[in-house]
Amino acid sequence: MGSVERQPLLQLTLDPHTPIKNLSSDNIEEFLEHRPIVLRWWLKLVAWESRLLWLLSGSSIIVSIFNYMLSFVTLMFTGHLGSLDLAGASIASVGIQGLAYGIMLGMASAVQTVCGQAYGAKKYAAMSIILQRAIILHIGAAVILSFLYWYSGTFLKAIGQSDDIAEKGQIFARGLILQLYAFTVSCPMQRFLQAQNIVNPLAYMAVGVFLLHVLLNWLVVDVFRYGLIGAALTLSFSWWLLSLLNGLYILLSPNCKETWTGFSLKAFKGIWPYFKLTVASAVMLCLEIWYNQGLVIISGMLPNPMVSLDSISICMNYLNWDINFILGLSAATSIRVSNELGAAHPKVAKFSVFVVNGTSILISVVFCAIILIFRVALSELFTSDPEVIEAVTNLTPLLVISVFLNGIQPILSGVAIGSGWQAIVAYVNLACYYVIGLTVGCVLGFKTSLGVDGIWWGMILGVFIQTMTLIILTARTNWDAEVEKAITRIKKAAEDETFDQLVANI
């Protein structure tokens with residue numbers, strides 16, 4: 001069919017007066033195949049993609065931020081107990097809880113990849129088996145990690161923390177063992193729902209639990225004075241409440257009637273192929289999450305560790321707040337890319353990547369400005385110690401650089417998750433973060449007078465190199481080939497109800 005015959009269809013598809021919400025991915029994919037495209041169409045395409053992006057990411061951002069804010073608020077209240085308690089809770093939150101959450105979140109990203117592509121291809125029944133299989137593997141990981149939680153004091157001392165900080169950290173970590181098992185069901189269930197574009201209910205649950213969590217922390221820590229163990233148990237309770245709400249929604253909501261088909265023994269079959277994807281996913285995200293956390297741990301080995309640890313922990317909390325905001329966009333990116341690849345729309349998938357990166361960079365610029373303007377006020381939320389406040393203020397320029405870089409890197413990681421590139425990105429993360437960034441950070445922090453600043457400069461270098469590598473990887477991607485891979489997985493999945501073939505080909 002010639003271009004003359006197609007022109008009326010294209011005009012109908014993207015008429016200037018057609019409401020954006022009436023345009024479909026099929027229409028957009030067909031339109032993007034025809035070049036050149038004039039400016040007014042590009043503006044309409046950006047508006048179309050932005051609308052879909054914010055429908056997903058708006059709620060995803062709320063979920064990501066308010067889930068993170070559960071730990072954030074707990075640390076704020078422990079800071080009222082004293083600098084030592086804050087240091088102990090911070091190191092346990094970073095070195096123990098963060099390690100476990102990185103594993104759980106990383107493993108759950110496999111759910112996002114597989115279920116996202118299955119949903120795009122309308123293979124709904126397989127999603128239920130994948131969710132159950134993921135929970136089984138998460139529980140196995142939690143059992144192993146429980147020993148680390150219980151003997152966390154020994155672990156913290158082994159990595160160079162002082163006896164006082166390690167003792168406080170162990171008290172806090174033992175109270176978080178219940179939270180660990182909440183992760184085993186909450187992380188996979190949230191990814192399962194997000195893969196089907198069910199994000200608003202998750203946002204309502206996250207906000208509701210957060211508000212209750214603030215009240216409970218005030219009662220337990222400030223009113224009844226139960227200390228670190230009370231704060232930790234409160235955090236565990238809030239996560240279990242969130243998990244319960246997620247589970248009830250999946251079981252009872254009509255929105256999940258096609259994707260949740262009930263408990264099945266099929267979940268125990270063919271675990272090995274899915275396990276391989278899960279490991280790649282966990283390694284990819286863990287190397288990212290542990291990198292920042294490892295730098296906090298290293299700062300505790302510097303001279304005057306109390307100030308060093310408190311200052312970098314406060315900055316990392318704000319960096320993590322920014323990261324969790326961007327992770328909401330990243331989750332939406334992963335959903336959009338996986339859905340469009342599953343639906344055989346390579347042009348739309350590629351276009352989505354461009355739009356979300358531009359959006360993320362603009363947001364990061366705004367965050368950088370806020371941090372520079374309110375640098376002192378932000379540190380005073382955590383502490384009244386003038387030495388710590390001064391240290392945080394000195395670290396603010398480095399925090400701003402990190403915030404800007406994190407406006408790009410998590411988005412590209414979301415593209416990798418949606419496309420199933422976890423294994424490749426795991427190697428990239430290992431080289432950029434640990435071989436380069438961590439090494440440079442340790443040298444600058446311990447062999448020069450830079451101290452905490454030197455450790456952070458190393459982190460920035462690692463993130464910068466990793467970001468540039470992901471940009472090159474994404475720019476060189478053959479999106480038509482990615483669609484072929486997705487189609488192959490889906491076709492084999494249709495022949496095998498257990499979905500083994502789907503993950504075996506990732």
Surface accessible to a 1.4 Å probe, per residue, for the residues of the chain, Å²: 40 Å²
Backbone N within segment 347-372 under 14 Å of label point (7 Å from residue 37 Cα along the Cβ vector): 347-356
Three-way shape label, segment 46-125, alpha-carbon gyration tensor, a/c 1.5: oblate
Accessible area, probe 1.4 Å, largest first, for residues 341, 362, 245, 438: 362, 245, 438, 341
Förster radius 56 Å - calculated FRET efficiency between residue 163 and residue 476, Cβ distance, rounded to 0.05: 0.65
Segment 85-200: relative contact order as a whole-number percent, Cα under 8 Å and 6+ apart: 45 percent
Exceeding the 18 Å Cα-Cα cut-off - candidates 122/257; 123/257; 122/350; 168/447; 123/266: 122/350; 168/447
Percent accessible area from carbon and sulfur atoms, segment 347-422, protein chains only, probe 1.4 Å: 73 percent
Backbone N within segment 44-84 under 16 Å of label point (7 Å from residue 207 Cα along the Cβ vector): 55-70
Neighbour count of at most 16 Cβ within 10 Å plus DSSP loop: longest trypsin sites (Lys or Arg not before Pro)-free window in the chain: 270-475
At R0 = 30 Å, FRET efficiency that the Cβ-Cβ distance of residue 146 and residue 394 yields, to 0.05: 0.15
Nitroxide proxy distance, nm - points 7 Å out along Cα→Cβ at residue 136 and residue 252: 2.8 nm
Residue 330 - accessible surface, heavy atoms, 1.4 Å probe, Å² rounded to 10: 10 Å²
Virtual spin-label span in nm between residue 373 and residue 223, 7 Å along Cα→Cβ: 3.5 nm
Two-site label geometry, residue 122 and residue 178: point separation in nm, points 7 Å out along Cα→Cβ: 4.6 nm
Which of 223, 355 is most accessible, then next, and so on - probe 1.4 Å: 223, 355
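Keeping all protein chains in place and using 1.4 angstrom, which order do 453, 164 fall into by accessible surface area, from largest down?
Ranking 453, 164 by accessible area, largest first, yields 164, 453.
Under the definition of Cα pairs under 8 Å and six or more residues apart, what whole-number percent is the relative contact order of the chain?
Reported relative contact order: 22 percent.
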Relative contact order for segment 209-267, counting Cα pairs under 8 Å that sit 6 or more residues apart, in percent: 27 percent
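Using a/c under 1.5 as the rounded threshold, could you call segment 129-225 rounded, prolate or oblate? The axes a ≥ b ≥ c are square roots of the C-alpha gyration tensor eigenvalues, and prolate needs a/b larger than b/c, oblate otherwise.
Details: a/c = 3.15, a/b = 1.35, b/c = 2.34.
Because a/c hits 1.5 or more and a/b fails to exceed b/c, segment 129-225 counts as oblate.
The values are calculated or read from the model by the stated rules, or taken from the named source; none is laboratory data. Because the structure is a prediction, the values reported are computed rather than measured. With ideal geometry, Cβ positions are generated from the backbone for all residues, glycine too; neighbour counts draw on all protein chains shown. The area values use the complete protein model at the heavy-atom level, side chains included, leaving out ligands, DNA and RNA. Shrake-Rupley method; radii C 1.70, N 1.55, O 1.52, S 1.80 Å.
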